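One structure is given below, encoded as structure tokens.
The values are calculated or read from the model by the stated rules, or taken from the named source; none is laboratory data. On a predicted model such as this, the values are computed, not experimentally measured, just so you know. In this analysis, Cβ positions are derived from the backbone assuming ideal geometry, glycine residues included, and neighbour counts consider all displayed protein chains. Just the protein is used for accessible areas: all its heavy atoms, side chains included, with ligands, DNA and RNA removed. Shrake-Rupley method; radii C 1.70, N 1.55, O 1.52, S 1.80 Å.
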Amino acid sequence: MENNSRKKLHRSSQLIHSPKVKMVEGNRSILSPVYQSAKFAIAPGVPLMEQFFYTRIANPTLRELELALSELQGMEDCIVLSSGLAAITGTLLGLLKADDHVIVFRETYRPGRVFVRDILPRFKIESSVIKLSETHELEKYIRPGTTKMIYFESPSNPHLQIADIKLITSIARKHGLLVMMDGTFSGPHQHQDMDIDIMIHSLTKYTNGHGDVVAGAIISNQKLISEVRKMTIMLGATLDPHAAFLISRGMKTYLLRYERQSLTAGEVTTFLSTHPKIKKVYYPGRLDQKQSDLAHAQMQDMGGILAFEIDPALGTALEFCHRLKLLQFTASVGSTESLICPTLMFFGDDLNASDKMEMGINEYSLRLAVGLEHSQDIINDLSQALS
Ligand SMILES: *Cc1c(COP(=O)(O)O)cnc(C)c1O
């Protein structure tokens, strides 16, 4: 509505149709405005689906983030959603149907694994949960004509195990299966040269990086994205434009943060590896030889997350967490603050005792995601809690 015609309105109507600010041609804001609007006026003469009209379907602020993420990951297209878990469940529901079968790894983000194993059967979608160490036997689990997808994570939760991605994708190609990877820990700048069909990221973690937004992304080729988008629009897990703006802002420093956090995590790993009260340290590139070779072949940056096991003489991991002063005891990773938690508290609920034991999830093991504090302060805090 033109400013002149507004003048004729009652005050109550003027408050609804706010004044428009004029800007001369070329005088644009350097940062994109946040389109914090649920709806857009429909322009004449253009097909509706080429326009923005309702934010659950599309919004320019969300689209800008989708374009930036697909570019960073080196793939064609992207869907951003209101959580990382919505990205996982939306993709599974978008691409699978009754009588399909999916293979998921035991070493996968717990809610994703639980959704595949315990919820998908309601829709007659079956699954096999296999160990990452069984990857070379993956073909044994493929049901010809029925298996549709392999879903894995690398590095994995909570002990940073590295998947042999080339082996997984080569088996998938041979059998015509889709490969979905949760790349949250490695971030959207890595694994570009891998033959992955769908990359999932919890943007809550490194991408936004400031611990103030929950969001997720599905990144893939145009064909799969348009198929999945039909489902995610139906599920309605839309990201709010203001949250998308915060993520786009956070992404400007993404590479700087990821590099620094990788350096810090490396220094903390070195400190822990030589400490007499530490029984085990897990960090990509510093695991056993085969795992380290895989990590270096697949990733440039090893990331900000490590795990370790303390000497039982120090008490439990839970007690250890309560002795820390700088490191924050909670879930999540990839924030400005360093975050730590006992692995048993968040990652083993649905697993049996022998799986937990094999995976190193026990009363004395912890996952640490370093933040942006100085490495020496992080080491000092760990050091006082270990003495
Ligand atoms: C946090 C996380 C998710 C889920 O993301 P939310 O944004 O919390 O829903 C998925 N995968 C991994 C590896 C994660 O760390």
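Per-atom-type breakdown for the chain gives carbon and sulfur 55% of the accessible area (1.4 Å probe, protein chains only). Working from Cα pairs under 8 Å separated by at least six residues, relative contact order for the chain is 16 percent. Excluding same-chain neighbours fewer than eight residues apart, the lysines reachable from Lys7 by a Cα-Cα span under 25 Å are Lys20, Lys22, Lys39. Among the trypsin sites (Lys or Arg not before Pro) in region 159-257, those placed in a DSSP loop whose Cβ has at most 14 other Cβ atoms within 10 Å are Lys252.
Loop-only check: which trypsin sites (Lys or Arg not before Pro) in region 290-387 are DSSP coil with at most 12 other Cβ within 10 angstrom? If you can, show how the numbers build up before the last one.
Numbers: sites: Lys290, Arg323, Lys325, Lys356, Arg367; in loops: Lys325.
Those satisfying the criteria are Lys325.
Over all projection directions, the Cα-based convex hull of region 185-329 averages an area of 11.3 nm².
Could you pull out the GluC sites (Glu not before Pro) across region 1-105 that fall in loop regions by DSSP (anything but H, G, I, E, B) with no more than 15 other Cβ atoms inside 10 Å? Could the numbers behind the result be given before it?
Working: sites: Glu2, Glu25, Glu50, Glu64, Glu66, Glu71, Glu76; in loops: Glu2, Glu25, Glu76.
Passing sites in region 1-105 are Glu2, Glu25, Glu76.
Over the C-alpha atoms of region 38-122, the Rg to Rh ratio, Rh being the Kirkwood estimate, stands at 1.08. Once C-alpha pairs closer than 8 Å and six or more residues apart are averaged by separation and normalised to the residue number of region 245-360, the relative contact order reads 18 percent.
Using Cβ point charges alone (K and R +1, D and E -1), the dipole size of the chain about the Cα centre works out to roughly 1480 debye. Solvent exposure of Leu235, expressed as accessible area, is near 90 Å², computed with a probe of 1.4 Å over the protein chains only. Asp377 exposes around 80 Å² of accessible area when a 1.4 Å probe is run over every protein chain in place.
Taking every protein chain into account, the accessible area of the chain amounts to 48 square angstrom per residue (probe 1.4 Å). What the Cα atoms of region 117-235 give is an Rg and a Dmax of 15.0, 44 Å. For the residue pairs Lys174/Lys252; Lys166/Lys356; Lys140/Lys280; Lys140/Lys290, the C-alpha atoms sit more than 30 angstrom apart in Lys174/Lys252; Lys140/Lys280. Take the alpha-carbon centre of region 1-32, take the same for region 190-232, and report the distance between them in whole Å. One Cα centre to the other: 36 Å. The mean of 1/r over all distinct Cα pairs in the chain, once inverted, gives the Kirkwood hydrodynamic radius of 22.5 Å.
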